[in-house]
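Report on the following structure.
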Amino acid sequence: METEIIEKIRENLIQGRKSEEDEGIDETLNGTPGVIELTEEALEKGVSPKEIISLAITPGMEAVGEKYDSGEYFIPDMLASAQAAGAAMEILKPHLEKARIASKGRVAVATVKDDIHDIGKNIVVILLKGAGYDVDDLGIDVSTEKIVEEVKTRGIEYLGLSALLTSTMTRMKEVIEALDKAGLKGKVRVLIGGAAVSQEYADEIGADAYCADGFQAISAIGALKQQ
Amino acid sequence: MAREGLLVIRPLERLATKDLNHIHQASLDILSEIGINCHNRDAVEAFAGAGAGASPVGDEISNIKIPPKLVLKAIENAPKEIVLGARDPANQLILHGDRTRVYLASGSESNIWLDTSFRPFINKNDPDEEVKLPSFNPRRGTVADLAFSAHLAQSLDTLDAFIRPVNIQDKDINNHNKDVNKFFCCLNNTSKHVMAGLTSLEQLQNVIAMAEIVAGGQQALQNNPIISFITCLVKSPLQMVDDTTQTLIRICLEGLPVVISSSPQAGTTAPPSEAGIVSQINAEVLAGITLTQIINPGTPVIYGSVPVRARLDNLNDAYGAPESTAYNIDCVQMARYYGLPCYSTAGVSDAPIPGLQSAVERLFSSLLVALSGPQYLHCAFGLLDGNSTFSPLQAVMDDTHFKMLRQFLKPADIDPENLEAVYRKIADTVQTSQKLFINDIRPLMRKGKLSKPYIFEDRQGNDSVLCKANQELERLMTLPGCHLPEEIIEKVYERIPGILPRLDTRKSN
C-alpha cells in the first residue's frame, strides 16, 4: 500500500500533475488525484516525509531531468513537475521541521532595482523549490537595501539576482558591494542571471556564479555547496 | 475524403473589384478587337463554328476575334468544382473556384538535377577546426531521378500533388517513349495526384490507357482522374501554337482535367505594366478556356497563370522579382472573379543553389501567393535558377517552410465560450506568485497543436541548415517506395509499349 502511493506520487510528479485538476501527458490520469492530494493521503497513511522525498520526489525529478536531457520533455514539462514537487515540499515543510530535517538550503531570488522583468526569476524559483530548496521570492524592482536586509534577517545562504536590462545590471555590483559592507561576504553566495549578464560580468563584479538558465541555478548552488 | 490543403480564410487581395472589372473588360476587348493568332486548323474551325471571326493572316495562321458572349458562355459552362483524383483516394483534391483551399504541387520540368554532397574543410590557422560545406553537382536529369523525386514527393507531408520536377534525358528516352515513361515513373512512385504536360500527342492514348489500368478502368479514371494535364497552348503575345492546341483539343475530348497555362514575360512578350501583363495573360487564358468549352462543354479546365517579369541583365524570367509575385496574385483574383479553379505559381527562385537568396525569394512569393488563395499552387518544391534546376535538398527545406505556413493558417480560436474560459484563466493566473501559464501550453504541445522549433536549427550557434536538411533527405531516401501493386505493373508492361525495363519495381516490392 505504502509502495503504491509512493509510486503514484512519483508518477504524477513525472506527469507534472500538481493537483487533480491538472492535465498530464497520460490522459487516463485526468481527474485522478495529483501530487498534492497524494502527498496528503500518504501523510495520513503514516508514510514518513523522508520516504516521500527520497522515494518519490527526488527520483521523480531525476527522471524528469533525464527526459528533458533526452529531448522527450520541454521546459514547460520540467516546470510543471517542479511546481508539483514544490507544492509537495510546502505540505511536507511543517512535518520536516517537526522531525528536525533541514531543507537543502535557504535561497532568496530577486529582480534588481528598476527592473521589472520576472519570467526568468519565476522559473528559477519554481525549479529551485522543486529541487528541494527553501526559496524566498523577493519580487521585482527590489532595492539594494531591501535585498541586504532580507538576506540578513532571513538567514539566506544563496542569493539569486536577475536583470534583463543593461541599464539595471549594474545594480548587481551595488548589491555585492552592499553585502560586503554589511559583513555578509562569504556568508551568502551570490548567483546572477538574466539576458544582460554573462560569466565575464559575474567574474568582473565578484559574483560566485553565473547561471545561463534555471537548470544552471540548481547545478551552480549544488557546486557551491560542495566548496 | 480529400486532402486538407491550406485553408485561407481571408485571402490576400491586391486588386479592388473595380480593378478586376477593368482587367476583365480589357481582356474581352483584346480578344474581340485585337484577336488571337491561331496556328491550329481544328481550333480555327472550332472558333469559327462557334461564332468567332476568323481571318487568314499568313500561311496556316488565322486571326480569331472572339466575341465577349462566347467567352462569357465558356466561363459559365466551365465547371466551378474540379476533382483531381489520386491512386490513394485520401490524396484526392477538390478544387472549387469560389473556395480558397490551397493545394501545393511540385514542378516544373527542369533540365538539371542538383546533387549535394558535404565535404570537410579545415581552418588553416586552427587545424582542429573543421567545418562541412556543401558542394553542388549539377547534371542532366534521368528517369531514375524522376522516380526518386516522386518517391520524395510521397514522403513530403505538405505536398498535395506531383508535377514532374525534372526532365528525363536518358539516352534511351526519345519523343516516342518519353510520355509513357514520365507518367509511369510518377504513378509508380507516388499515390498523390499526378499532373504533367505531354511531349507528343501520339502518346496521349497510351498515357490514358496506362492511367485507366492504374485507376481500375475507363469509368474509374473518369470518376477518379489520377492524372491531369498542363497545356501551354499560348505563345505570348496572343498566339495559339499548333501542336499544343491540338493536344488540348484531344484532352478535352477525353474529358480529363486540364490546365490552360500562359507565361508571358513583362517587358518582352507582354507590356511591362501590371495592367498590361495581367489583361494580356487573362485574355490568353480565357481564349484557351473558351476553346475547351467549344470543343467539349463541361471540360474540367483550370485557369493557369505563370506571369513573370523579365530580368533585364539576361532577359530570363525573373521569378524572384516582387513584380512576378504581384502579377500572380492578380491572376489568382481574376480566376476567383470568374469562379474558376486556379493554378498559380510561386516559390521559384532565381538562385542557382540552395542558400539565403533562394530562401528569401521563395518564401517571399510562396507566402504571398499562397495567402491569395489559388486552389492549386505550383510552389516550386526544390526548383532553383528559374525553372532550370531541381534540388531535392531544397525540396526538403521547402516542405518545412510550408509546414510553418500551414501552422499560421490554422483558424483563430476566438469565440465567446473560449474567451470566457481564457478570461477566467488570466484572472486566476495573475493571482499566483509565478504568473505563468505553463500548464495550459503543455496539452497543446502534446497534441501537436504548436509549431516546433525550426527543425534544421543548430543549437551550437552554427548555420547547419543545409547539412541537417541533407540528413533528412537521406532519411527520406531510405523509406520504402509507394509502388503500384505487382499485377498492375504487369498489366502496364503488357499493354503499354515503350516503358523502360529498369523502371520495373516488382523485384524490389
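The values are calculated or read from the model by the stated rules, or taken from the named source; none is laboratory data. As the structure is a computational prediction, the values presented were derived from the model and not from experiment. Every residue, glycine among them, receives a Cβ derived from its backbone with ideal geometry; neighbour counts consider all protein chains shown.
Where strands (runs of 3 or more DSSP E) sit wholly within segment B:298-401, none has at least 2 residues that are under 24 Å from residue B:158 (Cβ atoms), in contact (Cβ under 8 Å) with a residue 60 or more places away in the chain and among the charged types (D, E, K, R). Screening A:219, A:198 for residues that are within 15 Å of the chain's Cα centre (by Cα) and among the polar types (S, T, N, Q) leaves exactly one candidate, A:219.
Checking the stated criteria, residue B:486 turns out to be farther than 30 Å from residue B:130 by Cβ and either within 14 Å of chain A (Cβ to nearest Cβ) or in contact with a helix residue (DSSP H, G or I) (Cβ under 6 Å, 6 or more places away or on another chain) (or both).
Hey, does segment A:45-53 have a residue that's among the basic types (Lys, Arg), closer than 29 Å to residue A:225 by Cα, in contact with a Leu (Cβ under 9 Å, 6 or more places away or on another chain) and outside the structural domain of residue A:158 (by TED's automatic domain parsing)? So far as segment A:45-53 goes, yes, one or more of its residues are among the basic types (Lys, Arg), closer than 29 Å to residue A:225 by Cα, in contact with a Leu (Cβ under 9 Å, 6 or more places away or on another chain) and outside the structural domain of residue A:158 (by TED's automatic domain parsing).
Residue-level check: of (1) touching a residue at least 12 places away in the same chain (Cβ under 8 Å); (2) out of contact with any Cys (no Cβ under 8 Å at 6 or more places or on another chain), residue B:105 misses just (2). Can you spot a residue in segment A:10-21 that is of a type in the set (Asp, Glu) and within 14 Å of chain B (Cβ to nearest Cβ)? Yes: segment A:10-21 contains one or more residues that are of a type in the set (Asp, Glu) and within 14 Å of chain B (Cβ to nearest Cβ).
Output the residues belonging to segment A:112-123 that are within 14 Å of another protein chain (Cβ to nearest Cβ) and either at pLDDT 90 or above or outside any helix (DSSP H, G or I) (or both).
Selection gives A:116, A:117, A:118.
Results for (1) of a type in the set (Ser, Thr, Tyr); (2) over 26 Å from residue A:52 (Cβ atoms); (3) in the same structural domain as residue A:166 (by TED's automatic domain parsing), shown as yes or no for each residue.
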position	(1), (2), (3)
A:111	yes, yes, yes
A:115	no, yes, yes
A:122	no, no, yes
A:127	no, no, yes
A:133	yes, no, yes
A:139	no, yes, yes
A:145	no, yes, yes
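Against the test of being of a type in the set (Ser, Thr, Tyr), crowded, with 16+ Cβ neighbours inside 10 Å and over 13 Å from residue B:290 (Cα atoms), the options B:17, B:100 yield a single qualifying residue, B:100. For segment A:124-144, a residue qualifies if it is within 13 Å of chain B (Cβ to nearest Cβ), in contact with a strand residue (DSSP E or B) (Cβ under 7 Å, 6 or more places away or on another chain) and under 19 Å from residue A:163 (Cβ atoms), and the qualifying residues are A:124, A:125, A:128, A:135, A:136, A:137, A:138, A:139, A:140. Any residue at all in segment A:176-192 that is closer than 30 Å to residue A:60 by Cα, away from chain B (no Cβ under 14 Å), at pLDDT below 90 and touching a strand residue (DSSP E or B) at 6+ places or on another chain (Cβ under 7 Å)? No: segment A:176-192 contains no residue that is closer than 30 Å to residue A:60 by Cα, away from chain B (no Cβ under 14 Å), at pLDDT below 90 and touching a strand residue (DSSP E or B) at 6+ places or on another chain (Cβ under 7 Å).
Residue check: residue B:435 meets all listed conditions (1) under 26 Å from the mean Cα position of the chain (by Cα); (2) under 24 Å from residue A:117 (Cβ atoms) but one, namely (1). When segment A:6-32 is filtered for residues that are surrounded by fewer than 20 Cβ atoms within 10 Å (Cβ to Cβ) and either in contact with a helix residue (DSSP H, G or I) (Cβ under 7 Å, 6 or more places away or on another chain) or among the polar types (S, T, N, Q) (or both), the ones remaining, listed by number, are A:19, A:20, A:23, A:25, A:26, A:28, A:29, A:30, A:32. Filter segment B:185-197 for residues that are buried (at least 24 other Cβ atoms within 10 Å of the Cβ) and either without any contact (Cβ under 8 Å) to a residue 24 or more places away in the chain or in contact with a helix residue (DSSP H, G or I) (Cβ under 6 Å, 6 or more places away or on another chain) (or both) and give the result. Within segment B:185-197, B:185, B:186, B:187, B:189, B:190, B:192, B:194 meet the criteria.
On the stretch given as segment A:32-49, residues that are away from every other protein chain (no Cβ under 14 Å) and either among the hydrophobic types (A, V, I, L, M, F, W, C) or part of a loop (DSSP other than H, G, I, E, B) (or both) total 9. Residue B:238 passes every criterion in (1) aliphatic (A, V, I, L, M); (2) more than 23 Å from residue B:308 (Cβ to Cβ); (3) over 16 Å from the mean Cα position of the chain (by Cα) apart from (2).
Taking segment B:338-350 as the range and being crowded, with 21+ Cβ neighbours inside 10 Å and within 23 Å of residue B:313 (Cβ to Cβ) as the test, the residues that pass are B:345, B:346, B:347, B:348, B:349. Might you let me know whether segment B:133-144 holds any residue that is under 23 Å from residue B:398 (Cβ atoms), without any contact (Cβ under 8 Å) to a residue 40 or more places away in the chain and among the charged types (D, E, K, R)? Yes, segment B:133-144 has at least one match.
So, in segment B:425-439, exactly how many residues are β-branched (Val, Ile, Thr) and more than 12 Å from chain A (Cβ to nearest Cβ)? Summing the residues that are β-branched (Val, Ile, Thr) and more than 12 Å from chain A (Cβ to nearest Cβ) in segment B:425-439 gives 2.
Checking the structure you have, find out if any residue of segment B:81-89 is in a loop (DSSP other than H, G, I, E, B), among the acidic types (Asp, Glu) and within 25 Å of residue B:256 (Cα to Cα). Within segment B:81-89 (the criterion being in a loop (DSSP other than H, G, I, E, B), among the acidic types (Asp, Glu) and within 25 Å of residue B:256 (Cα to Cα)), the answer is yes, since at least one residue qualifies. On the stretch given as segment A:52-66, residues that are surrounded by fewer than 16 Cβ atoms within 10 Å (Cβ to Cβ) and either among the charged types (D, E, K, R) or within 14 Å of chain B (Cβ to nearest Cβ) (or both) total 2. When the helices (runs of 4 or more DSSP H) confined to segment A:150-227 are screened for residues that are within 25 Å of residue A:76 (Cβ to Cβ), touching a Phe, Trp or Tyr at 6+ places or on another chain (Cβ under 7 Å) and assigned by TED's automatic domain parsing to the domain that holds residue A:125, none reaches at least 3 such residues. Just one residue in the set B:278, B:180, B:241, B:234 is touching a strand residue (DSSP E or B) at 6+ places or on another chain (Cβ under 6 Å) and crowded, with 20+ Cβ neighbours inside 10 Å; that residue is B:234.
Somewhere in segment A:86-106, is a residue within 14 Å of another protein chain (Cβ to nearest Cβ) and surrounded by 17 or more Cβ atoms within 10 Å (Cβ to Cβ)? Yes, that holds for at least one residue.
Out of all the residues in segment A:126-141, is one or more small (Gly, Ala, Ser) and part of a helix (DSSP H, G or I)? Scanning segment A:126-141 turns up at least one residue that is small (Gly, Ala, Ser) and part of a helix (DSSP H, G or I).
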